[in-house]
Amino acid sequence: MHHFNMIIDGTPVSSARLIEVANPATGRPFATVAGGDPDHVDQAVAAARRAFPAWSGTPDAERRRLVNALADVLEAHMAELMELVTQETGKPLGGLNQVGSGMEVGGAIAWTRVTAGLDIPVDVLQDNDDARIEVHRKPLGVVGSITPWNWPLMICVWHIMPALRAGNTVVLKPASLTPVATLRFVELAGAVLPKGVLNVITGDADVGAAMSGHPGIAKMVFTGSTPTGRHIMRSAAANLKRLTLELGGNDAGIVLPDVDPVQVAPKLFGVAFHNNGQTCACLKRLYVHDSQYDALCAELARLAGEVRVGNGLDAATQLGPVQNPAQRNFVHALVEDARAKGARVLSGGHFIDGDGYFYAPTVIADARPGMRVVDEEQFGPVLPVIRYTDVEDALAQANASDNGLGGSVWSADIGAATALARRLECGSAWVNEHGAIQPDAPFGGVKQSGIGVEFGAYGLEEYLSLQTVKVMKR
Ligand code: NAP
């Protein structure tokens, strides 16, 4: 079994306690990682603080070059990293609509390159006989990053690349369930970055909690569940840490009556089920007009029955297992709740026998508010379909959620769909698409889905503080 170490101050660090990492396709461990503790947090923060003056003082062009070199590292080790991502998350190498570990590593490269290319401008607000006023953007210090298990490598890249590009140093903690590709990447990054600039520690929630309360960390960027986001926000108050929180979603999609159900079904299926629904901005509630309801449900159920579920290392696999047994049990509990309250399970609704944490892709008809699968984020291979007759009512139901990450409207009438999409209460609204993120467009949640945005120039601003410099001329 491979073992992966933490990296603190450029040095591999292990510990007496080891964490076993299981492959969800088999349920068996395939790697061990060091089980870090709050002392390691102290060491990593100290190393990052020592590295900060030189890194933040590095000429901008050189930092840009080094971030680009990290993309080269990802590219050179793409096959190895893809296999590690598949082993730890269960997601296929290719997968449904090619949303698998190939996309995860490919996306990590693309996001890194776009971030390397971003400018950090100086704004001139005034330059006259009285004074010159410039607004400079300065790095914050040490950034703490905590990542979840669904897209571990890509989300770590989303956090660390803008942090580094801006001149911050980083302490990173991946999810205990999926630390492996991240540890390997940070090990490889050691060939590019000065020591102490990027540190990674593993461990359980106590490590994450120690980071969020740590006085030496200036900002936390966190992607994960809303309850954990609240914990982090509370602890961060101790030293007024800056926060970017990318939290849970329960994205709604509204299908307008002019859509051809057979034509739209594969697209809807893909955006709901890729990565087994374990993506923050997957389509998680589908509102369909009464006139197409039965036809669209039947088509979605047919697709769910045909999709190939299996070990992600097998090239034919479209959907892998659920990432962990607790999540599979949770998903099943939501399905059982819906069944008990009168919903019709058109496909799936059960575990798949054998090793691993497989769950049959599930389409639920006659879903309605009051069922947990509608009211809560399922984060699994289950799609509830809700019937509506009045589009204003569908919009009201879509917005009647504490979450506000993404949402979509599906129609042949682009003008009407866009007008409706603008009224969705969410950070990203798509027309005839869902979850279509890209590295130059801001992405983030409103309401309980988070604070702040990531990506592009908008996201980079979150890793910088503004300094106004006024030079008098008289
Ligand atoms: P989670 O349970 O909140 O865990 C996320 C990370 O937080 C893990 O590294 C975890 O460490 C750590 N953690 C747990 N308790 C902590 C504490 N008290 N203080 C500090 N850190 C702590 O989330 P998850 O189950 O891994 O991820 C699924 C959730 O993430 C879903 O709700 C999904 O929608 C959301 N998500 C959001 C986005 C977005 O961009 N908005 C993207 C992806 C996922 P351990 O693993 O060691 O427990």
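Go through segment 124-153 and report how many residues are assigned to a strand (DSSP E or B) and either farther than 20 Å from ARG242 by Cβ or without any contact (Cβ under 8 Å) to a residue 12 or more places away in the chain (or both). Don't jump to the end; show me each part of the working.
First, the residues of segment 124-153 that are assigned to a strand (DSSP E or B): 124-127, 131-139, 142-146.
Filter once more, keeping what is either farther than 20 Å from ARG242 by Cβ or without any contact (Cβ under 8 Å) to a residue 12 or more places away in the chain (or both): 124-127, 131-134.
The qualifying residues number 8.
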Contact list please: Cβ distance under 9 Å, first residue in segment 343-369 and among the basic types (Lys, Arg), second residue surrounded by fewer than 23 Cβ atoms within 10 Å (Cβ to Cβ) and assigned to a loop (DSSP other than H, G, I, E, B), pairs at least six apart or on different chains. ARG368/LYS341; ARG368/GLY342; ARG368/ALA343
For the subset of segment 85-121 comprising residues that are among the charged types (D, E, K, R) and outside any loop (DSSP other than H, G, I, E, B), which member is surrounded by the fewest Cβ atoms within 10 Å (Cβ to Cβ)? ARG113
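This table checks each residue for (1) assigned to a helix (DSSP H, G or I); (2) touching a Gly at 6+ places or on another chain (Cβ under 7 Å); (3) hydrophobic (A, V, I, L, M, F, W, C).
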site	(1), (2), (3)
ALA429	no, yes, yes
GLY435	no, yes, no
ASP440	no, yes, no
GLY445	no, yes, no
ALA457	yes, no, yes
LEU460	yes, no, yes
LEU466	no, no, yes
VAL469	no, no, yes
How many residues does segment 207-240 contain that are assigned to a helix (DSSP H, G or I) and within 8 Å of the ligand (Cβ to nearest atom)? 12
What number goes with the only condition from (1) within 16 Å of the ligand (Cβ to nearest atom); (2) surrounded by fewer than 24 Cβ atoms within 10 Å (Cβ to Cβ); (3) not in a loop (DSSP other than H, G, I, E, B) that PHE185 does not pass? (2)
LEU283 modelled with pLDDT of 95 or more, more than 16 Å from the ligand (Cβ to nearest atom) and within 20 Å of ALA396 (Cα to Cα): no
Quick count over segment 309-347, residues being within 30 Å of GLY102 (Cα to Cα) and not polar (S, T, N, Q), is 17
Can you name the number of the only condition in (1) in a helix (DSSP H, G or I); (2) surrounded by fewer than 22 Cβ atoms within 10 Å (Cβ to Cβ); (3) within 21 Å of the chain's Cα centre (by Cα) that THR418 fails? (3)
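The values are calculated or read from the model by the stated rules, or taken from the named source; none is laboratory data. Note that the structure is a prediction, hence the values are computed from the model and not measured. Neighbour counts run over all protein chains shown; Cβ positions are idealised from the backbone, glycine included.
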